[in-house]
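Data first, discussion second: the structure below is written as structure tokens.
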Amino acid sequence: MSAQEMKRKARFLQPLSEIRELDHKVLIRLEMPGVSKEDLNIQVENDRLRVFAGRQDKQMNGTYLLRERNRGDYEKVFTIDETIDRDSIEAVMKNGILDISLEYKKEVQPRKIEIKGT
């Protein structure tokens, strides 16, 4: 990773994520509290899946005595290979949780072989 990439990455929060495989799909779940679907941008370019969300923090009056919540925008980039069907990627945002489904291309999915004979 170049110095420029590291500097750009330092400006964004990394959402907590989990990745699992189920039924010929890769499922990605990202936690992004305070983000609505209107604030979200998901892009696929070549072998990169980029998730960006601009978070709108409410301006609060007073002086903080404690603030444990991070401020800032979210960004996470995943590398995807040629086995993923780019046209079948779906995303659902609900209650600050983003679920992304990446389906494998048909030609790389397991195929049941018909057995012929008597």
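Can you put 32, 93, 60 in order of Cβ neighbours within 10 angstrom, beginning with the fewest? The partial results should precede the final answer.
Details: 32 22, 93 19, 60 8.
So the residues, fewest neighbours to most, are 60, 93, 32.
If you build a Gaussian network model of the chain, linking Cα atoms that sit under 10 Å apart, which residue out of 107, 21, 38 swings the most?
So, out of 107, 21, 38, the one fluctuating most is 107.
Working from the pairwise distances between different alpha carbons, so that the mean of 1/r is found and then inverted, what is the chain's Kirkwood radius in Å?
On the way: mean 1/r = 0.0596 Å⁻¹.
Final number for the Kirkwood radius of the chain is 16.8 Å.
Find the relative contact order for the stretch 60-118 and round it to a whole percent, using C-alpha pairs within less than 8 Å whose residues are 6+ positions apart. If you can, show how the numbers build up before the last one.
Working: 29 pairs, mean separation 14.1, N = 59.
That works out to 24 percent.
Which whole-number percentage describes the relative contact order of the chain, with Cα contacts under 8 Å and a sequence gap of 6 or more? Before the final figure, lay out each step's value.
On the way: 172 pairs, mean separation 34.8, N = 118.
Relative contact order for the chain comes out at 30 percent.
Quick check on the chain: helices-only [θ] at 222 nm, where DSSP H runs of length 4 and up contribute -39,500 (n - 2.57) each and the sum goes over total residues. Nearest 500, please.
Values: 1 runs with 8 residues, N = 118.
Taking each H run of at least 4 residues, the total per residue is -2000 deg cm²/dmol.
GNM on the chain, C-alpha springs below 10 Å: top fluctuator among 45, 75, 103?
45
Most fluctuating residue of 76, 94, 37 in a GNM of the chain with Cα springs under 10 Å: which is it?
94
We did not get these values from a lab; they are worked out from the coordinates using the rules stated. Since the model is a prediction, treat every value here as computed from it, not as a measurement. Because the Cβ atoms are built from the backbone with ideal geometry, glycine has one as well, and the counts that use them run over all protein chains shown.
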